[in-house]
Amino acid sequence: MTTRLHFISGLPRSGSTLLAAILRQNPQFHAAMTSPVGQLFNVMLNAMGPGNETALFIDEAQKKELLASLFECYYRGQEDKAVIFDTNRLWCARLPTLLSLFPEAKVICCVRSVAWVMDSIERLVRRNAFEPSRLFANAEERATVFSRVDALAHRDRMVGFAWSALKEAYYGEHGRSLLILEYDILAQRPAETLKLIYEFLGEPAFAHDFGNVEYAEPAFDAQLATPGLHTVNRKVAFTPRRTILPPDLFQKYAALSFWREPAGSAAFRITVQPEPAAEKPNGG
């Protein structure tokens, strides 16, 4: 691809859709919510592995070409853009392969206290009380806030997989290709944050309109029976609130923000300081 390719990954409900909505204001950029490329990439990668006996006829150069072709085909209609951002939580778990294909690519990892991620999802579930969310596999998982949060936190589910993949990438050998971006800072200081993002990407600055940011994918959210999952408010703003999670549940997941500790990682970070233990939970 002649277009520069970068990636948005990280945790759910942590500002990736908001970031894409802001970036797409730049006429030189294309960005959106999670694309199908990540899932296709994973399927093709597995199909070229030992589980397929005919894969021995595909050499490494062909594998690279086939995987790269997914991006070329999917983004063929965006060839007029200088930069394309592909969004998927999978990318943090595929960095060695991804950066072998696109060595100059950068990955912006959107993060947020896991407690507030769980709180945000729980609010959506309660807001759509008459529509059982397909984020959960069955009635047992949907039963209470404890079963819902436990299900989301499992290693192969929405939050648990993303958290594990992010941690792998954060402490891995490709850390310098990552920018950890905390939602609270993006929401509170968007102009300063975007300036740092542009510097990280090596792209010329652009004057974004943070009072006129809009993005929504109602059809996608409807198929998950979770309306509002990918809806961005018009104005970028931070709204403090109290959590709706029980205190023990909130504290359990509030302790998982490993990215606020720089030791052991080469990743670039735009993060907040941990909340003092004596403070009551509140945030955006």
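The values are calculated or read from the model by the stated rules, or taken from the named source; none is laboratory data. Worth saying up front: this structure is predicted, and the values here are computed from it rather than measured. As a convention, Cβ positions derive from the backbone with ideal geometry for all residues, glycine included, and neighbour counts pool all protein chains shown.
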Legend entry - Unique match (being at pLDDT below 95, surrounded by 14 or more Cβ atoms within 10 Å (Cβ to Cβ) and aliphatic (A, V, I, L, M)) among I108, I58: I58
Inset, instruction - Quick one: count up the residues across the stretch 147-206 that are among the small types (G, A, S), closer than 22 Å to A266 by Cα and more than 18 Å from the chain's Cα centre (by Cα). - result: 1
Inset, instruction - Identify the residue in the stretch 131-146 that is of a type in the set (D, E, K, R) and at pLDDT below 95 and, among all such residues, is farthest from the chain's Cα centre (by Cα). - result: E131
Inset, instruction - Of the conditions (1) assigned to a helix (DSSP H, G or I); (2) under 20 Å from L23 (Cβ atoms); (3) without any contact (Cβ under 8 Å) to a residue 60 or more places away in the chain, A151 clears all except one; give me its number. - result: (2)
Legend entry - Among (1) more than 18 Å from I244 (Cα to Cα); (2) more than 17 Å from the chain's Cα centre (by Cα), the one test that R123 misses: (1)
Inset, instruction - Could you check, for the stretch 189-196, whether at least one of its residues is of a type in the set (A, V, I, L, M), more than 30 Å from N212 (Cβ to Cβ) and buried (at least 19 other Cβ atoms within 10 Å of the Cβ)? - result: no
Inset, instruction - Would you point out which residue out of R155, R142, R148 is within 30 Å of H6 (Cα to Cα) and among the charged types (D, E, K, R)? - result: R155
Inset, instruction - Please indicate, with yes or no, whether at least one residue in the stretch 133-145 is touching a residue at least 40 places away in the same chain (Cβ under 8 Å) and outside any loop (DSSP other than H, G, I, E, B). - result: yes
